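Below is one structure; the comments refer to it alone.
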Amino acid sequence: MAFSSYKTIGEVLKTFQVIYTEANFIGEAKFNVSDYFREDLEFTMREGAVDCSEFAICENLISPVLKQVWKLYSSKFILWSHYSLNYDEKLSGFPEYILAKRSPLGKVVFDKPYFILVEAKQDNFETGWAQCLAKMIAAQRLNGEFSIIIFGIVSNGVTWQFGKLEGEAFTRNILPHTIYELDKLFTTVNYIFQQCELQLNNLVAA
């Protein structure tokens, strides 16, 4: 089944025997949002058709935020857009974004471990999380290392929700953030990138 075949998070939990919990696990990692970025985003949201499709949401609202944070970590990670992720016939498709380790062979090589999966949905967060969790499970299995925490983000561009897959347990963060509170949103996204960097450093040191 393609990732898009999953419609409810319960279906994914039952299929792959993952335990569901909710908790506020997000810490703080402050990020300085530039005035230029604020003004450019405000212009885009005021003048553009930013949410007319999932592709528009990705291009106008999700990608700009991810890119700003990724710049701080680009020496260690590549942020892949709409790249194929395939584990088996039940777990395959094209995540909107994947944060993966930068390969020593160059930026064009898709290399594991994979750390963050991002799903864009116009409004249906239930389906969004079903598909995002399926992608997180695929990444976990492709990594071949169940000790790595996989993070997930589901967003309709305005509201951003966060989760993590740790072993056989999936935790959804209770509090979402919105693009109208840029400082809080960036603090959260930066925290997740920071946790990925710490995990990668620990893998290298092991």
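Take ALA139 and decide whether it is touching a helix residue (DSSP H, G or I) at 6+ places or on another chain (Cβ under 9 Å) and either surrounded by fewer than 22 Cβ atoms within 10 Å (Cβ to Cβ) or not in a strand (DSSP E or B) (or both). Taking the combined requirement at face value, the residue does not satisfy it.
Do we find that ILE78 is buried (at least 18 other Cβ atoms within 10 Å of the Cβ) and either within 19 Å of PHE162 (Cα to Cα) or in contact (Cβ under 8 Å) with a residue 40 or more places away in the chain (or both) in this structure? No. Within region 19-44, being hydrophobic (A, V, I, L, M, F, W, C), under 22 Å from the mean Cα position of the chain (by Cα) and more than 19 Å from GLN161 (Cα to Cα) holds for VAL33, PHE37, LEU41.
Can you spot a residue in region 58-72 that is free of Cβ contacts under 8 Å to residues at least 60 places away in the same chain, among the hydrophobic types (A, V, I, L, M, F, W, C) and surrounded by fewer than 20 Cβ atoms within 10 Å (Cβ to Cβ)? Among the residues of region 58-72, not one is free of Cβ contacts under 8 Å to residues at least 60 places away in the same chain, among the hydrophobic types (A, V, I, L, M, F, W, C) and surrounded by fewer than 20 Cβ atoms within 10 Å (Cβ to Cβ), which makes the answer no.
For region 115-136, name all the residues that are under 21 Å from TYR20 (Cβ atoms) and in a loop (DSSP other than H, G, I, E, B). If the condition is that a residue be under 21 Å from TYR20 (Cβ atoms) and in a loop (DSSP other than H, G, I, E, B), then LYS121, ASN124 are the ones that fit.
From the list PHE146, PHE170, which residue is part of a strand (DSSP E or B) and at negative phi? The conditions single out PHE170. The single condition among (1) closer than 20 Å to PHE55 by Cα; (2) among the small types (Gly, Ala, Ser); (3) not in a helix (DSSP H, G or I) that GLY163 does not satisfy is (1). The requirement of being β-branched (Val, Ile, Thr) and exposed (fewer than 13 other Cβ atoms within 10 Å of the Cβ) is not satisfied by THR15. Annotation: of all residues in region 99-136 being surrounded by fewer than 23 Cβ atoms within 10 Å (Cβ to Cβ) and in contact with a helix residue (DSSP H, G or I) (Cβ under 8 Å, 6 or more places away or on another chain), the one that is modelled with the lowest pLDDT is GLN122.
Residues in region 160-187 that are surrounded by fewer than 14 Cβ atoms within 10 Å (Cβ to Cβ) and under 26 Å from ARG141 (Cβ atoms): 3 in all.
Residue by residue, here is whether (1) aliphatic (A, V, I, L, M); (2) modelled with pLDDT of 95 or more; (3) in contact with an Asp or Glu (Cβ under 8 Å, 6 or more places away or on another chain) holds:
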{"residue": "ALA2", "(1), (2), (3)": "yes, no, no"}
{"residue": "VAL12", "(1), (2), (3)": "yes, yes, no"}
{"residue": "PHE16", "(1), (2), (3)": "no, yes, no"}
{"residue": "PHE25", "(1), (2), (3)": "no, yes, no"}
{"residue": "GLU39", "(1), (2), (3)": "no, yes, no"}
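Do the conditions hold for ILE150, that is, is it over 24 Å from ARG38 (Cβ atoms), out of contact with any Ser or Thr (no Cβ under 6 Å at 6 or more places or on another chain) and surrounded by 23 or more Cβ atoms within 10 Å (Cβ to Cβ)? Spelling it out, ILE150 is indeed over 24 Å from ARG38 (Cβ atoms), out of contact with any Ser or Thr (no Cβ under 6 Å at 6 or more places or on another chain) and surrounded by 23 or more Cβ atoms within 10 Å (Cβ to Cβ). Determine whether region 173-192 contains at least one residue that is under 11 Å from the mean Cα position of the chain (by Cα), touching a residue at least 12 places away in the same chain (Cβ under 8 Å) and farther than 26 Å from GLU11 by Cβ. Yes, the conditions are met somewhere in region 173-192. With respect to being in contact (Cβ under 8 Å) with a residue 24 or more places away in the chain and part of a loop (DSSP other than H, G, I, E, B), LYS112 falls outside the description.
The values are calculated or read from the model by the stated rules, or taken from the named source; none is laboratory data. Computed from a predicted model, the values in this text were never measured in an experiment. With ideal geometry, Cβ positions are generated from the backbone for all residues, glycine too; neighbour counts draw on all protein chains shown.
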